[in-house]
Amino acid sequence: MHVPDGFFNVAVSVSAAAVAAAGVAVCLRGARRELDDRTAPMGGLVAAFVFAVQMLNFPVAAGTSGHLLGGALAAILVGPHTAVLCMAVVLLVQGFFFADGGLTALGVNVTLMGLVTVLAGWGVFRLITRSLNGRAAITAASFAAALVSVPASALAFTLLFWIGGTAPVEIGAVAAAMGGVHVLIGIGEGLITAVTVGTVLAVRPDLVYGARGLAAPLVLRGPGGESTVVPPAPAPAASPRPARPFLLAGVGVTLVLAGVVSFFASGDPDGLEKVAEDEGFLGRATDHPFASWLLGDYGDGGGVPVGVAGVVGVGITLLVAGAVAYAARRRGTGAPEPARETGGVAT
Amino acid sequence: MTASRRPGDGAVASLEVSRLAYAYPDGTQALFGVDLRVERGERVALLGPNGAGKTTLVLHLNGILTAGHGTVAVAGLPVAKDSLLEIRRRVGLVFQDPDDQLFMPTVREDVAFGPANLGIRGEELQQRVEDALEQVGMLEAIDRPPHHLSFGQRRRVAVATVLAMEPEILVLDEPSSNLDPASRRELAEILRSLDVTVLMVTHDLPYALELCERSLILSGGVIAADGPTRELLADAELLAAHRLELPYGFTVA
Amino acid sequence: MSAGHRHRLHRPGDTLVHRLPPQCKLAAVTAFALTVVATPREWFAAFGAYALLLAGVALAARIPPGFVLRRMAVEIPFVLFAVAIPFIGTGERVAVAGLWLSVPGLWAAWNILAKATLGVAASILLAATTEPRLMLLGAQRLRLPPLLVQIAMFMLRYLDVVAGEMRRMRVARESRGFAARDLRHLPVVARSAGALFIRSYERGERVHLAMLSRGYTGSMPVVVDLAASARQWLVAAMLPGAALVALLGNWGMA
């Protein structure tokens, strides 16, 4: 599932990076509310756990095996904001330390395996636990959440592939292959998530973010053996945060960037097509509705090569992503910061 | 029950716990109103069977767990959210498993971690690190990775990591567990040589007798006995009532 | 405690590459990967130049080729996918050794293989010459949000804990004759995952408590000085710089 360098075209990589950066920036702010001073250690532990469990391959069907994505599990254990941060860290570490997943595909990977799995998983989980309560309901909701999160991620992958995959494979075939395999993987993920959450719930329910609010009254024993009961202090009510700012920020940044990048890229000749024309074996490349949008097209005309446009586009993304992260950091620490480069980014 | 609380001569106690009660978030209650007082310079053993709430009590002493009811004060300063950093400087907690305590790549960095968190840097930091390691006789291991040391050496380094913070009171959780007899004796010598208040949590009764004049028995989430170690250990009935046993062949004269 | 991983990923050394401050290397590798990905796939000369540049870095860092090649195994799943593209791809087909292969598919396969391989090799060299902890401190200097850096720090710390627990549990499982073969064994694997979480959590919790006890307030005290000189930045910039020259040179020829 880890997408390597060169798998998606530059526009998709860039847009996904922008979405990922915006999502992570929003979560950096949200995470502080979820776990207080335990955020970093708990997040680190869950990240290490997700990393380890991703190495745990389980057999799916005839010869293929799948591994856990872990997004839904992380969301249920530590809350959705921290979960996104965990997944981002796992992917960063895998990319930089283990060369697993391309550095330029980091945005795609964080979007697919972090944002999408967490959002889908947590959404389903909340939907079920809003009306049902108790351990069995939480465990069942965990199963459903993880089950949905994997095909959701595969679907998002297919969508990205449709927009800007570099491999000329029929979108229907990709959808079928990804969908089929990932529904099966989803069942595995659902089972593992449900059993993990169930086990933790049975032993340490206080560790499950999705199951807060269990506290019994305290008993005091006096020297003579007499007992008095002290009612527990009321737990602060935690309200679920809407995912809207998340989505708005992502969509906004994507649109801005898509505009910028396609401005630079419009009318670029694609390398293959140029060669194909020269060699005279041009077969009409598959056209899709997004063909004229972004860099997905094998257009014609002269001008700047795609590569150079790509470098420019990626440079812009880095600037924007940096600005978003910087702004979020500043706001997080509460230091006054003159507004700059934050226009259009709704964090 | 032997109650022999010495008068504090008007001075502030190193540690004062009153009516402390706590339940884990899963609803299991571990402490049911603990009262205890440790004077400055004392070495006190906290005895109790497994599951008596010893570790839970220890985690309250530096504010890692927040009391559900009751108070803890260290050298007069109550444990509260806004005093946590100072409380953690004053209470040096040595955990049972040195592998939990040592997490930096070298002994030097590990010992420096605590004082560095207090904002100490440069020359003074180096001096603190070296002094602390000198006190536990581990100065020559300063640049080695902790996981290359023997278990006994690691426990001594763990003590040094806490000494480097110049604590008011040293709290040791099962200091003698898993030590071979020689390491055990060396650690006892080190602890005796330190000029600091010590609270030692253990079910190793001979070790308590060797190091501490006074002992407390924690049982069922309350302090069940408090008195001179020798007297408590001589009371076979008291020990049996709280699942404490002297090793075979060991008698208290 | 974290020795296991450090040995596998990091090859300690005292070369020019090892000594460069981590933030310089991180920036250089990222810029290099961007350049590679932005290169049109038919510019073979540029890809050749990139490979030579990486070989040069490996030589300067005294990283043996075998070390890099062994670590390239992470790429295998996508290599398999790339190999499949010419068979399932659409568009014009050509006969290659008796097989009808898709021409765009062949191009796509080459594109993914070349770029992914260069990217993986660059990351391996980065990880081999940079201590993980320093890499994170470097990332922090590059303005990666501190919370992410800390999560990553704890992740590295706990990875050994989790891996250790996992190994012990696998030994326990396998010494009782268990091996996961098909879907029916999934519940066993799942229960292991649950137990793994609790076991590693409880150990991780103790480590965290030990850190809190020594005044940890949410950020690692940075005792190491990581300032990079202009000269070091210049040295680091040589890799992406040379790659960019190769890219532009190839553009000139195209």
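Test B:Arg156 against the criterion of being among the basic types (Lys, Arg) and within 20 Å of the chain's Cα centre (by Cα), and give yes or no. Spelling it out, B:Arg156 is indeed among the basic types (Lys, Arg) and within 20 Å of the chain's Cα centre (by Cα).
Condition first: in a helix (DSSP H, G or I) and modelled with pLDDT under 80. Can you find one or more residues in segment C:238-250 that meet it? For segment C:238-250, residues in a helix (DSSP H, G or I) and modelled with pLDDT under 80: present. Given the residues C:Gly105, C:Gly91, which is the only one that is assigned to a loop (DSSP other than H, G, I, E, B), touching a Gly at 6+ places or on another chain (Cβ under 8 Å) and farther than 24 Å from C:Pro12 by Cα? Of C:Gly105, C:Gly91, the one residue that is assigned to a loop (DSSP other than H, G, I, E, B), touching a Gly at 6+ places or on another chain (Cβ under 8 Å) and farther than 24 Å from C:Pro12 by Cα is C:Gly91. The residue list A:Val174, A:Val169, A:Val181, A:Val148 contains one member that is assigned to a loop (DSSP other than H, G, I, E, B) and farther than 23 Å from A:Ala22 by Cα, which is A:Val169. Please indicate, with yes or no, whether at least one residue in segment B:208-217 is part of a helix (DSSP H, G or I), touching a residue at least 60 places away in the same chain (Cβ under 8 Å) and farther than 15 Å from B:Arg43 by Cβ. Within segment B:208-217 (the criterion being part of a helix (DSSP H, G or I), touching a residue at least 60 places away in the same chain (Cβ under 8 Å) and farther than 15 Å from B:Arg43 by Cβ), the answer is no, since none of the residues qualifies. One residue stands out in segment A:107-135 among those that are assigned to a helix (DSSP H, G or I) and out of contact with any Gly (no Cβ under 9 Å at 6 or more places or on another chain): the one that is farthest from A:Leu155 (Cα to Cα), namely A:Ser131.
Does at least one position in segment B:32-46 carry a residue that is closer than 26 Å to A:Tyr209 by Cβ, surrounded by 19 or more Cβ atoms within 10 Å (Cβ to Cβ), touching a strand residue (DSSP E or B) at 6+ places or on another chain (Cβ under 7 Å) and aromatic (Phe, Trp, Tyr)? Looking through segment B:32-46, none of the residues is closer than 26 Å to A:Tyr209 by Cβ, surrounded by 19 or more Cβ atoms within 10 Å (Cβ to Cβ), touching a strand residue (DSSP E or B) at 6+ places or on another chain (Cβ under 7 Å) and aromatic (Phe, Trp, Tyr). Determine whether segment C:155-171 contains at least one residue that is assigned to a loop (DSSP other than H, G, I, E, B), acidic (Asp, Glu) and closer than 30 Å to C:Lys25 by Cβ. Checked segment C:155-171: no residue is assigned to a loop (DSSP other than H, G, I, E, B), acidic (Asp, Glu) and closer than 30 Å to C:Lys25 by Cβ. All of C:Ala60, C:Ala31 fail the test of being over 14 Å from C:Gly241 (Cα atoms) and more than 7 Å from chain A (Cβ to nearest Cβ), apart from C:Ala60. Considering (1) more than 11 Å from chain A (Cβ to nearest Cβ); (2) in a helix (DSSP H, G or I), the lone condition that C:Ala152 does not fulfil carries the number (1). Criterion first (among the hydroxyl-bearing types (Ser, Thr, Tyr), buried (at least 20 other Cβ atoms within 10 Å of the Cβ) and out of contact with any Leu (no Cβ under 6 Å at 6 or more places or on another chain)) does A:Ser149 satisfy it? For A:Ser149, the condition - among the hydroxyl-bearing types (Ser, Thr, Tyr), buried (at least 20 other Cβ atoms within 10 Å of the Cβ) and out of contact with any Leu (no Cβ under 6 Å at 6 or more places or on another chain) - is met. Would you confirm whether or not segment B:39-59 contains a residue that is modelled with pLDDT of 85 or more, within 11 Å of chain A (Cβ to nearest Cβ) and under 18 Å from the mean Cα position of the chain (by Cα)? No, segment B:39-59 contains no residue that is modelled with pLDDT of 85 or more, within 11 Å of chain A (Cβ to nearest Cβ) and under 18 Å from the mean Cα position of the chain (by Cα).
The residues of segment C:134-145 that are surrounded by 18 or more Cβ atoms within 10 Å (Cβ to Cβ), in contact with a helix residue (DSSP H, G or I) (Cβ under 7 Å, 6 or more places away or on another chain) and more than 7 Å from chain A (Cβ to nearest Cβ), listed by number, are C:Leu136, C:Leu137, C:Gly138, C:Ala139, C:Gln140, C:Arg141. For A:Gly44, state whether it is surrounded by fewer than 24 Cβ atoms within 10 Å (Cβ to Cβ), within 22 Å of A:Thr193 (Cβ to Cβ) and in contact (Cβ under 8 Å) with a residue 12 or more places away in the chain. No: the conditions fail for A:Gly44. Just a yes or no: is a residue in segment B:12-29 surrounded by fewer than 20 Cβ atoms within 10 Å (Cβ to Cβ), within 30 Å of A:Tyr209 (Cβ to Cβ), of a type outside the set (Phe, Trp, Tyr) and touching a residue at least 60 places away in the same chain (Cβ under 8 Å)? Yes, segment B:12-29 contains at least one residue that is surrounded by fewer than 20 Cβ atoms within 10 Å (Cβ to Cβ), within 30 Å of A:Tyr209 (Cβ to Cβ), of a type outside the set (Phe, Trp, Tyr) and touching a residue at least 60 places away in the same chain (Cβ under 8 Å).
Number of residues in segment C:179-233 that are loosely packed, with under 14 Cβ neighbours inside 10 Å, touching a Pro at 6+ places or on another chain (Cβ under 7 Å) and either at pLDDT 80 or above or among the acidic types (Asp, Glu) (or both): the value is 1.
Taking the criterion of being of a type outside the set (Ser, Thr, Tyr) and surrounded by fewer than 21 Cβ atoms within 10 Å (Cβ to Cβ), the residues of segment B:66-76 that qualify are B:Ala67, B:His69, B:Gly70, B:Ala73, B:Ala75, B:Gly76.
Evaluated against (1) aromatic (Phe, Trp, Tyr); (2) more than 10 Å from chain A (Cβ to nearest Cβ); (3) in contact with a Leu (Cβ under 8 Å, 6 or more places away or on another chain), C:Phe67 falls short on exactly one condition, (3).
Each residue in segment B:52-101 was checked for being in contact with a helix residue (DSSP H, G or I) (Cβ under 7 Å, 6 or more places away or on another chain) and at positive phi, and 2 pass. Of the helices (runs of 4 or more DSSP H) entirely within segment B:77-163, those holding at least 2 residues that are at the interface with chain C (Cβ under 9 Å from one of its Cβ atoms) and surrounded by 24 or more Cβ atoms within 10 Å (Cβ to Cβ) occupy B:107-117, B:151-163.
Determine which member of the set A:Thr158, A:Thr139, A:Thr193 is in contact (Cβ under 8 Å) with a residue 40 or more places away in the chain, under 24 Å from A:Val50 (Cβ atoms), surrounded by fewer than 23 Cβ atoms within 10 Å (Cβ to Cβ) and among the hydroxyl-bearing types (Ser, Thr, Tyr). Step by step, each of A:Thr158, A:Thr139, A:Thr193 is checked, and only A:Thr139 is in contact (Cβ under 8 Å) with a residue 40 or more places away in the chain, under 24 Å from A:Val50 (Cβ atoms), surrounded by fewer than 23 Cβ atoms within 10 Å (Cβ to Cβ) and among the hydroxyl-bearing types (Ser, Thr, Tyr).
Quick grid of which residues meet (1) in contact (Cβ under 8 Å) with a residue 12 or more places away in the chain; (2) of a type in the set (Lys, Arg); (3) part of a strand (DSSP E or B):
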residue	(1), (2), (3)
B:Gly33	yes, no, yes
B:Leu36	yes, no, yes
B:Gly41	yes, no, no
B:Gly51	no, no, no
B:Thr55	yes, no, no
B:Val58	yes, no, no
B:Gly63	yes, no, no
B:Ala67	yes, no, no
B:Ala73	yes, no, yes
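The values are calculated or read from the model by the stated rules, or taken from the named source; none is laboratory data. Here the structure is a predicted model, which means the values were calculated and not measured. Here the Cβ is made from the backbone with ideal geometry for all residues, glycine too, and neighbour counts use every protein chain on show.
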